[in-house]
Every structure is written in C-alpha cells, then in structure tokens.
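The values are calculated or read from the model by the stated rules, or taken from the named source; none is laboratory data. On a predicted model such as this, the values are computed, not experimentally measured, just so you know. When we count neighbours, we look across all protein chains shown, and the Cβ atoms used for this are built from the backbone with ideal geometry, even at glycine. Areas reflect the complete protein model, heavy atoms only, side chains present, ligands, DNA and RNA absent. Shrake-Rupley method; radii C 1.70, N 1.55, O 1.52, S 1.80 Å.
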Amino acid sequence: AIKTINEHEPVELSSIASKPENKPFNRFQNIVPYDFNRVVLSTKPDYINASHIAIPIGEKAMKYIICPPPVPD
C-alpha cells in the first residue's frame, strides 16, 4: 500500500522511490510505495508512485492499484 514515511519507518522499505531519479515522480515526498508491492511500468523509466493492493473478501480478493494524485507534469 502507499505508505507515509515517518521517523520510525526503515527507509529501505521504499528505497526505489527514494532514488534521486525517481523523486520527481512523487507528488508528496513522504507518500511513496513499498518496494515489494510497487507498480513497475513496462517502459523506462519503470517507476511510478503506485502500489498493488488486494482486499480479501471471503476466499477471493479484490485487486486494485492505488496512487496519490499525479504530479503536474
């Protein structure tokens, strides 16, 4: 899920979002995806500030992609 980083969170959970080349793609620098569930684009650069999530409903799961509003550019 998209995570708000605070002083208690290990930065390495979102190391890809924290790379200098990816920071311009984050509208809010403290709301970034975890590395393990981020959406990976099939283009270069492959980073977008978005996450895969699954909400369990019984034996099935509803799957979504969530993200903050896009950057103005």
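Scanning the range 10-53 for residues that are hydroxyl-bearing (Ser, Thr, Tyr) and in a helix (DSSP H, G or I) returns a single hit, SER14. Among residues of the range 28-57 that are basic (Lys, Arg), those with a Cβ under 6 angstrom from a residue that is open to solvent by less than 60 Å² (accessible area, probe 1.4 Å), sequence gap 6+ or separate chain, pair up as ARG38/SER51.
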